[in-house]
1. Does the range 265-274 contain any residue that is open to solvent by 40 Å² or more (accessible area, probe 1.4 Å) and more than 16 Å from Leu317 (Cβ to Cβ)?
2. Working only within the range 321-340, note down all residues that are in contact (Cβ under 8 Å) with a residue 60 or more places away in the chain, open to solvent by less than 10 Å² (accessible area, probe 1.4 Å) and either of a type in the set (A, V, I, L, M, F, W, C) or in a loop (DSSP other than H, G, I, E, B) (or both).
3. Take the residues in the range 391-403 that are closer than 25 Å to Arg301 by Cβ and crowded, with 22+ Cβ neighbours inside 10 Å; name whichever of them is nearest to the chain's Cα centre (by Cα).
4. I'd like to know if the range 264-275 contains one or more residues that are assigned to a helix (DSSP H, G or I) and under 17 Å from the mean Cα position of the chain (by Cα).
5. Count, please, the residues in the range 294-305 that happen to be assigned to a helix (DSSP H, G or I) and open to solvent by 10 Å² or more (accessible area, probe 1.4 Å).
6. Report, by residue number, each residue of the range 118-137 that is of a type in the set (A, V, I, L, M, F, W, C) and crowded, with 24+ Cβ neighbours inside 10 Å.
7. Output the qualifying pairs, or none if there are none: Cβ atoms under 6 angstrom, residues six or more apart or on different chains, first residue in the range 109-122 and modelled with pLDDT of 90 or more, second residue among the hydroxyl-bearing types (Ser, Thr, Tyr).
8. Inside the range 57-74, can you point out the residues that are open to solvent by 60 Å² or more (accessible area, probe 1.4 Å), farther than 16 Å from Arg8 by Cα and either part of a strand (DSSP E or B) or in contact (Cβ under 8 Å) with a residue 60 or more places away in the chain (or both)?
Amino acid sequence: MTEVGDPRPVVAVLVSVVGTVGILAAHRRPNLREAVTLSVAVAKFGVVASMVPGVLAGDVYVWSLGRFVLDVPFELRADALGILFATLASLLWIVTSLYSIGYMRGLEEHGQTRYFAAFAMSLSAAVGVAFASNLIVLFVFYEVLTVATYPLVAHDETTEARAAGRKYLLYTIGGGVAVLAGTVLVYRLAGTVAFTPGGIETLAASDPVLARAGFALLVAGFGVKAGLMPLHSWLPDAMVAPTPVSGLLHAVAVVKSGVFAVSRVVLDVYGPETVGSLGLGLPLAVVATVTLLAASVIALRKDHLKRRLAYSTVSQLSYIVLGLALLGPNAIRGGLLHIPAHAFMKLALFLCAGIIHVETHTDHISEMAGIGRRMPLTMAAFAVAAAGMAGIPLVAGFVSKFYLLIGAVEAGGAASTVFAVALLISGVLNVAYFWPVVYQAFFQTADDHDAKPVVEAPFGGRRASTVARADGGSGDEAGDAGDADDDTNDADDDTNDADDADDTNDAGDPAPDVDPEEIGRPEFGGEAVDRDYGEPAPRVEGEYAVDRHPSDHTVPEKGDADDEHEVDAGADHDGRDGHDGHGDHDDHDGHGDHGDHDDYGDHDDHDGHGGHGGPPPSGWERRGWLGEESTWFMLGPILAATTGAIVLGLVPSAAVFLRLVDAVVEAVGVVG
């Protein structure tokens, strides 16, 4: 490797900082604001892409901004691993920015200027993470990324969104503290925190107990954003954010910064040889294996599509960590290649979930039977990306998982067999939680479909969705009560009042109030108390039993008294149906100039749902395959991400990413 002094790593970071200023300055002119966003995204990718040929030829681009704390240089360094992450993030920012225009305008979201500005700053921080030359610079950009993404997580400004934002900050800042402690410990042991391919040599000869402690702190701190269990629960809760933000969190920047940082620790701080000699690889592999299996099982139980995708992300990120922990060349190759593979596939899946929400206000899988008629192109793209996630050939996921499986077998020993079997089981689980979505979209109808999710159990999902209580209720007011992660997201069913309009019988007389002790109840040990079921049902304390125990379908949401609307009980919701809590959406930050909204498609009636999910009474309307289902501002990015997943699956070397991964493995010096 040859180090070359070049300012392009700094330029790549700063270009979107300058773009943030331009976005804020154009807040009164949305069309100009979005033009700035796209221009800056393209410019950022251009700067990063210009370094790819040199890096593949063995050059490393370095630019120092002077000395920082402890005489450590504040230096940006574009090597093969950094270029891998930076190229991915900057490329997918273009895709996500295009999608954001259609999504934010389609829903007439508030705070769009703040949204695009925070997005730009997040990408600056992500590229800073990619090009950091040492642990201290990495820590700085890692924390900047946390702060920049908080407004995106809490964008809706609802109680749920603010709670998710606080949880996100609590977890990620706590992780940052662990990273800082680990960095200090590494500096104390080695006298440096600079990234060195193959690891810092002096760490191998340092106190093994302290070295293990430093490794544990760094991996735990970075593991928060990498979604390692039990540090993952902020991730599903963050799904209250707009869908493009979910794509940012899961595919482009945030979680990828976590696994990228773990790869820096394993490959460039400790090095595979030192990790192996200290016995740190096996525990890390065990944590990753438990996470990828447990998260897949939980995903089976999720009826809310974005939450199912969230737990899928938790599982898939652990593939990357497992590849790094196995320490072999093919395992590392598979783990690193899964960074771009997962990014393209998961971004496509989240963008599909978002367009379904915008066009039909449907978020729950159990309401999507037959939706392939309404959104054929979207669901076809979803099917392709889901196939890749399950490791089906010809899509990106197959290539990376093939390398991982070979790497697990090559590791040798009984443990390697366990890891290989776990990878195969996880692939089956991927099929189990993705196939029902695709199958019912194209091969079932709203009148004839299976209950979803696949696994019905107290642990989660929409509990007993096909079994009614005797009193017409659901049997549980919180659908996901078994998951500690979901406790704050379920609807509160205890506040529902009886509908006054139904308080009369057929003769127009008020329904009688009945003392609870006088109600006829079944006596399973003997005979039931007689009651004339031809008469109106008796009330208990002024309420019908069905109102005291609402059904699983819809219940009134406790919230804004001026804008009551219905949401699904027992499952998490996107929090934006009806745009409650945002005030007047017609002005987008209080400015009247929106440009011509007709260019973004007709989002006014959303198939007549009026803010509620599922098919309209007349069933899903059949739409054509040539973009009739939505605006191309949203369909185009979906097709771009799906195409990227296919190209990476068919010709990974031509897509550059595999060549960059090979360069990383060669630089680290891992041998089979």
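1. yes
2. Selection gives Val321, Leu322, Leu324, Ala331, Ile332, Leu336, Leu337, Ile339.
3. Gly397
4. No; the residues of the range 264-275 include none that is assigned to a helix (DSSP H, G or I) and under 17 Å from the mean Cα position of the chain (by Cα).
5. 4
6. If the condition is that a residue be of a type in the set (A, V, I, L, M, F, W, C) and crowded, with 24+ Cβ neighbours inside 10 Å, then Phe119, Ala120, Leu123, Ala125, Ala126, Val127, Val129, Ala130, Phe131, Ala132, Leu135, Val137 are the ones that fit.
7. Phe116/Thr37; Ala117/Thr20; Ala120/Ser16; Ala120/Thr20; Met121/Thr20; Ser122/Thr149
8. Arg67, Phe68, Val69, Leu70
The values are calculated or read from the model by the stated rules, or taken from the named source; none is laboratory data. Note that this is a predicted model, so its numbers are computed, not measured. Note: ideal-geometry Cβ built from the backbone for every residue, glycine included; neighbour counts use all protein chains shown. All accessible areas refer to the heavy atoms of the entire protein, side chains included, with ligands and DNA or RNA removed. Shrake-Rupley method; radii C 1.70, N 1.55, O 1.52, S 1.80 Å.
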